[in-house]
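To start, the structure itself, in structure tokens.
Each value in this text was obtained by applying a stated rule to the coordinates, not by laboratory testing. This structure is a prediction, so every number in the text was calculated from the model and none was measured. With ideal geometry, Cβ positions are generated from the backbone for all residues, glycine too; neighbour counts draw on all protein chains shown.
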Amino acid sequence: KSGFVAIVGRPNVGKSTLLNRIVGQKIAIMSDKAQTTRNKIQGVYTTDKVQMVFIDTPGIHKPKHRLGDYMVEAAYSALKEVEVVLFMVSADQKRGKGDDMIIERLRKLQVPVYLVINKIDKIHPDELLLQIEDYQKQMDFAQVIPISATQGNNFETLMHELSEQM
Ligand code: GDP
Ligand code: MG
């Protein structure tokens, strides 16, 4: 089995951190600063059962000029060609305009979208439940998986569910 997985989400939610954990080496640039991932970085995860190619999709944000517009469109059109899209959000931040803009586009996709709630190490479980409820009101997610990209919580579950999707 093999296929592609795209990771989308606002800056700083932990996309590069997750990608680094997946490939087990630092290929994406991590930073507290927004927009440090310059290119689509592809990481490959291989086991005896499955091979998955991951795409870190930067620059999905409100376009400020025409070039930005073009780049955002290119980023979204790449999502049509993957097996799964991971929509990553941060558990310690409320859903914002940036999230809503992404959700609006994801709703129109035929591809299954997983809601990956990252940084669960930073919040109380009750708060996590409220976050999940809030996001599920916005669209139907194929899966909802809370994780901590830095600590590794639920990482194996995420990889298992993804491989089932290939
Ligand atoms: P990106 O912009 O979405 O690629 O986000 P990064 O992967 O660069 O992460 C942004 C910041 O969040 C970095 O300082 C990470 O160390 C931190 N971070 C990522 N995942 C977690 C997590 O699960 N828990 C905590 N506490 N911090 C995290
Ligand atoms: Mg990044």
Expected sort for 109, 158, 18 with the fewest Cβ neighbours (10 Å cutoff) up front is 109, 158, 18
HN-Hα couplings for segment 7-15 via Karplus (6.51, -1.76, 1.60; θ = phi - 60°), in whole Hz with x for Gly/Pro, come out as 10, 10, x, 4, x, 6, 7, x, 4
For segment 113-121, in residue order, the Karplus 3J(HN,Hα) values (coefficients 6.51, -1.76, 1.60; θ = phi - 60°; whole Hz; Gly and Pro = x) are 10, 9, 8, 10, 8, 9, 6, 5, 5
Computed ³J(HN,Hα) along segment 75-85: with the Karplus parameters 6.51/-1.76/1.60, θ = phi - 60°, integer Hz and x for glycine or proline, the list is 4, 5, 5, 5, 5, 6, 9, 9, 7, 9, 10
One finds, for residue 159 and residue 104 with R0 = 35 angstrom and r their Cβ-Cβ distance, a FRET efficiency to the nearest 0.05 of 0.80
Once amide hydrogens are built 1.01 Å from N within the peptide plane, the residues lying 5 or more places from residue 10 or on another chain with amide H under 5 Å from its amide H are none
So, with points 7 Å from each Cα along the Cβ direction, the residue 48-residue 136 label distance in nm works out to 3.7 nm
Most exposed first, judged by fewest Cβ atoms within 10 angstrom, 47, 17, 57, 150 run 47, 150, 17, 57
Counting only residues 5 or more apart in sequence or on a different chain, those whose built amide H sits under 5 Å from that of residue 4 are 53, 83, 84
